[in-house]
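Comments concern the structure below.
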Amino acid sequence: MFQEESRTVQVNGKAVSGDYQYNVNYSVNNDNLSRLHCEIIKTVTEDIDTPTGKQPVTSGRHIGYLLLESGSKQMSLPESENVAAHFEVFDQIIQEVKTALEAQSVSKSK
């Protein structure tokens, strides 16, 4: 009858670095990282006019994404962004996720 051939788990989380929030979504298929997506949100503060004068308003602005899928990295960021800094954070997130997955795999095999 039914025989399971694969199992995919999806995990959501976030990382914060400076004025940027990285909304992370990754998929694990049979204990292997198959896809990791980071949506990048920049915290911006703008002064808006109100009846009592200018007031600072802080909000999050989507600026792009970073993606790891099937061993390839892709990105979409404005030219004005420091791509190297975002990839440094992205690589750190990937390493932390892989380390956590390896630890889970070791604990399962015991």
Item to check | Residue check for K14: on the phi < 0 side of the Ramachandran plot and open to solvent by 70 Å² or more (accessible area, probe 1.4 Å) | outcome: yes
Checklist entry - Out of all the residues in the stretch 2-18, is one or more more than 25 Å from L101 (Cα to Cα) and either of a type in the set (S, T, Y) or touching a Pro at 6+ places or on another chain (Cβ under 8 Å) (or both)? => result no
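The values are calculated or read from the model by the stated rules, or taken from the named source; none is laboratory data. What you see is a predicted model; the values in this text were computed from it and never measured. Positions of Cβ are backbone-derived with ideal geometry, glycine not excepted, and every protein chain shown enters the neighbour counts. These accessible areas exclude ligands, DNA and RNA; they are computed on the full protein's heavy atoms, side chains included. Shrake-Rupley method; radii C 1.70, N 1.55, O 1.52, S 1.80 Å.
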